[in-house]
Amino acid sequence: MSTIPEKISNTANSYIGGAKQTVGETLGYPDLAASGAQQKAQADAAAAAATAQAHVEGAGHQVEGQIQQKVGSLTGDRSMEARGNANEVRGDLERNV
């Protein structure tokens, strides 16, 4: 799962790279502009990959939770139902944060 520090790092690197690119283009430093563009692109790609991974993991937890709830309901196992509910909520959060 993507962690908060990873998200902060990716966002910071994207902004820093974009700033370097803009400064390089504005002041006529093509090496700085290229370095900034590369840093921004790498950070954006890492953020997109982390988001995709979080969505997949979240979907898995949602399905797991739904199954646990159904099985718990059918067998009368309240504890399993509760774990299923918790897993489904966890999956929702992972997919939406």
>> What is the sum of charges, Lys and Arg at +1 and Asp and Glu at -1, for the other residues whose Cβ falls under 11 Å from the Cβ of ALA33?
In response: 0
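What does the net charge come to around ASN13 if you take all other residues with beta carbon closer than 13 Å to its beta carbon, with K and R at +1 and D and E at -1?
Values: positive: LYS7, LYS20, LYS40; negative: GLU6, ASP44.
That works out to +1.
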> Simple spin-label model, 7 Å along Cα-to-Cβ: THR11 to LEU93 in nm?
Replying inline: 1.8 nm
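Under unit Cβ charges (Lys, Arg +1; Asp, Glu -1), what dipole magnitude, rounded to 20 debye, does the chain have relative to its Cα centre?
Details: 8 positive and 11 negative charges, 20 e Å.
Dipole magnitude for the chain comes out near 100 debye.
Taking 0.36 nm per intervening residue step and subtracting the Cα-Cα distance, what contour gain separates THR26 from VAL56 on full extension?
Numbers: separation 30, 0.36 × 30 = 10.80 nm, distance 4.05 nm.
Full extension of this stretch gives 6.7 nm more.
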>> Give me a comma-separated list of calculated 3J(HN,Hα) values for region 73-83, in order, Karplus coefficients 6.51, -1.76, 1.60 applied at θ = phi - 60°, integers in Hz, x for any Gly or Pro.
In response: 5, 5, 9, x, 8, 5, 5, 5, 4, 5, 4
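What does the charge count around ALA47 come to, taking other residues whose C-beta lies under 15 Å from its C-beta (Lys +1, Arg +1, Asp -1, Glu -1)? Please list the in-between numbers first.
On the way: positive: LYS7, LYS40; negative: GLU6, ASP44.
Result for the local shell: 0.
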> Which whole-Hz couplings ³J(HN,Hα) result when phi for each residue of region 33-39 is put into the Karplus expression 6.51 cos²θ - 1.76 cosθ + 1.60, θ = phi - 60°, listed in order with x for Gly and Pro?
Replying inline: 4, 5, 5, x, 5, 5, 4
>> Over the chain, what is the relative contact order in percent, taking alpha-carbon pairs closer than 8 angstrom and at least six residues apart?
In response: 25 percent
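Could you tell me what % of all Cα pairs in the chain have separations over 19 Å? Write out the running numbers ahead of the final one.
Details: 2651 of 4656 pairs.
Of all Cα-Cα distances in the chain, 57 percent exceed 19 Å.
Readers should treat all values here as calculations from the given coordinates under stated rules, not as data from a laboratory. No experiment lies behind these values; they were computed from the predicted model shown. All Cβ positions, even for glycine, are placed from backbone atoms using ideal geometry, and neighbour counts span all protein chains on display.
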